[in-house]
1. Of everything in the stretch 28-78, what is over 19 Å from Y88 (Cβ atoms), in a loop (DSSP other than H, G, I, E, B), out of contact with any His (no Cβ under 8 Å at 6 or more places or on another chain) and touching a residue at least 24 places away in the same chain (Cβ under 8 Å)? Give them in sequence order.
2. Confirm whether D17 is surrounded by fewer than 18 Cβ atoms within 10 Å (Cβ to Cβ) and either charged (D, E, K, R) or out of contact with any strand residue (DSSP E or B) (no Cβ under 8 Å at 6 or more places or on another chain) (or both).
3. Looking at the stretch 32-40, is at least one residue open to solvent by less than 50 Å² (accessible area, probe 1.4 Å) and of a type in the set (A, V, I, L, M)?
4. Please work out if T66 is closer than 30 Å to R5 by Cα, in contact with a strand residue (DSSP E or B) (Cβ under 8 Å, 6 or more places away or on another chain) and among the hydroxyl-bearing types (S, T, Y).
5. Can you tell me which residue is farthest from P19 (Cα to Cα) among those in the stretch 79-93 that are in contact (Cβ under 8 Å) with a residue 60 or more places away in the chain and among the charged types (D, E, K, R)?
6. Among the residues of the stretch 41-95, write down those that are farther than 19 Å from R13 by Cβ, of a type in the set (S, T, N, Q) and out of contact with any Cys (no Cβ under 6 Å at 6 or more places or on another chain).
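The values are calculated or read from the model by the stated rules, or taken from the named source; none is laboratory data. On a predicted model such as this, the values are computed, not experimentally measured, just so you know. Positions of Cβ are generated from backbone atoms using ideal geometry, with glycine treated the same way; all protein chains shown enter the neighbour counts. Accessible surface is based on the protein model in full, side chains and every heavy atom, while ligands, DNA and RNA are left aside. Shrake-Rupley method; radii C 1.70, N 1.55, O 1.52, S 1.80 Å.
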Amino acid sequence: MSHERYDDELLRRLRNDIPVDWLIRHLGWPGKMRSGSFVFVCPRCNETQSAVNPRTNLGRCFHCETNFNPIDFTICARQCEFRTAVEYLIPLLPP
């Protein structure tokens, strides 16, 4: 799969079916529960003014105003390219 374009369904599943808070923990990235929300250190600006919205499966840094889906977070946290992030995430998809 590494030499072809990824189909929209696979990318949708990677963005929606891997919980972003679980992924942050899986990556060993700093994060914790605070006041009922999962907060994390932003991989872009290193601030902690962040939260995960489980309804949208997005992490948001309110300091640098960046939204992270699981693909975006992986790219930023692992400092890798899109294709590398997708290949990393595929085995993490739930069955």
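1. Within the stretch 28-78, P54 is the sole residue that qualifies.
2. Working: surrounded by fewer than 18 Cβ atoms within 10 Å (Cβ to Cβ): yes; either charged (D, E, K, R) or out of contact with any strand residue (DSSP E or B) (no Cβ under 8 Å at 6 or more places or on another chain) (or both): yes.
In short, yes.
3. From the stretch 32-40, those open to solvent by less than 50 Å² (accessible area, probe 1.4 Å) are 37-40; that's our starting set.
Narrowing further to those that are of a type in the set (A, V, I, L, M): 39.
Yes, that holds for at least one residue.
4. On the way: closer than 30 Å to R5 by Cα: yes; in contact with a strand residue (DSSP E or B) (Cβ under 8 Å, 6 or more places away or on another chain): yes; among the hydroxyl-bearing types (S, T, Y): yes.
Judged against the criteria, T66 is a match.
5. Residues of the stretch 79-93 that are in contact (Cβ under 8 Å) with a residue 60 or more places away in the chain, as a first pass: 83, 86-87, 89-90, 92-93.
With among the charged types (D, E, K, R) added as a condition, the list becomes 83, 87.
Details: R83: 19, E87: 17 Å.
Residue satisfying both the conditions and the ranking: R83.
6. Here is the first cut: in the stretch 41-95, the residues farther than 19 Å from R13 by Cβ are 41-51, 60-66, 76-81.
Those left that are additionally of a type in the set (S, T, N, Q): 46, 48-50, 66, 79.
Scanning the stretch 41-95 gives N46, T48, Q49, T66, Q79.
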